[in-house]
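Encoded as structure tokens, the structure appears first; notes follow it.
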Amino acid sequence: MTMSQSENLRDIVAKLGGVGRDAVTPEFSLEVPALKGSLKRAALTAAIRRDLGINCRTAHLARTFGELTAAVFETAPSATEAPSARASAPVAAAPVVATAAPRVAPLAAPSHPFSSGLRCGADIELVAALPEATDYREHEFYKSHFSPAEIAYCVLQSNPRMHFAARWCAKEALYKAEPALRATPLSAIEVVRAADGGVSFQHAGAALPHALSLSHTETQAVALVVAPLPAPAAPAENAPDDSRGSALPFVSAVAWLIAVGIAVLALIRTAR
């Protein structure tokens with residue numbers, strides 16, 4: 001780490017945090033509203049990658065500027081590397097590996113008699129929280145978190161950030177519903193819009209089985225994702241017939257979805 005790199009990192013945090021650079025001491029908290037939340041931490045990570053050429057995957061875990069400094073410069077090039085090589089090396093975004101979607105381990109059988117085993121994720125974000133850009137195709141944040149097809153769609157809309165926000169919420173909600181996908185870069189997961197207006201997920205050219213619903217206004221976006229239920233286990237030979245209770249999981253799932261929908265509506269009204 002050089003002094004100039006440290007000062008550049010301080011400038012990045014000061015700009016995104018909306019404070020003077022002198023306020024960014026090692027004890028400066030990154031939990032301030034301007035830097036808190038998955039979207040704002042992603043913007044911070046993208047700015048570090050663009051301005052310092054360092055792809056710090058743990059920046060979102062830092063609670064103070066001191067912790068962020070330690071996390072960022074642990075990933076810096078080795079001191080044995082020639083300075084000229086570091087200066088000439090092109091800065092590239094994290095590579096997107098086009099591999100098959102990770103296998104999701106089957107869930108254990110529900111332990112509660114009224115549990116359906118259904119998994120759901122929801123996310124809501126303010127449109128203004130997304131970085132402003134003059135060229136979304138070249139901006140580090142958008143290149144790192146959206147596919148070229150998604151960027152092409154959003155930039156053709158009258159309010160691109162509104163549509164980017166909806167897709168960000170969709171991907172965050174997918175992570176919550178399917179934790180096994182968290183290792184997959186957001187740019188490798190694509191929200192696809194059908195001719196009839198319906199939306200779904202695609203990864204490495206293959207459709208994901210998760211149900212998706214998203215919505216947005218000029219100021220905020222929201223998304224809800226429901227993961228498919230695991231295949232039921234084959235009944236054991238001579239097992240007693242319990243078909244009388246087979247409707248319980250379905251009724252529980254429907255009731256749960258209604259509750260999630262009400263909660264999302266409440267979030268939207270609260271955010272207004």
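The values are calculated or read from the model by the stated rules, or taken from the named source; none is laboratory data. Keep in mind that this is a model prediction, so the values were computed, not measured. In this analysis, Cβ positions are derived from the backbone assuming ideal geometry, glycine residues included, and neighbour counts consider all displayed protein chains.
Summary table below
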quantity: Any hit, region 54-64, residues being touching an Asp or Glu at 6+ places or on another chain (Cβ under 7 Å), of a type in the set (Val, Ile, Thr) and modelled with pLDDT of 90 or more; calculated: yes
quantity: Unique match (being touching a Leu at 6+ places or on another chain (Cβ under 9 Å) and more than 13 Å from LEU39 (Cα to Cα)) among LEU130, LEU156, LEU174; calculated: LEU174
quantity: Only one of ALA170, ALA183 that is among the aliphatic types (A, V, I, L, M), at pLDDT below 95 and out of contact with any Lys or Arg (no Cβ under 9 Å at 6 or more places or on another chain); calculated: ALA183
quantity: Residue in region 220-233 that is surrounded by fewer than 21 Cβ atoms within 10 Å (Cβ to Cβ), of a type in the set (Gly, Ala, Ser) and on the phi < 0 side of the Ramachandran plot present; calculated: yes
quantity: Pairs where the first residue, in region 1-16, is of a type in the set (Gly, Ala, Ser) and the second is surrounded by 15 or more Cβ atoms within 10 Å (Cβ to Cβ) and at pLDDT 85 or above, C-beta under 7 Å, 6+ apart; calculated: SER6/THR69; ALA14/VAL24
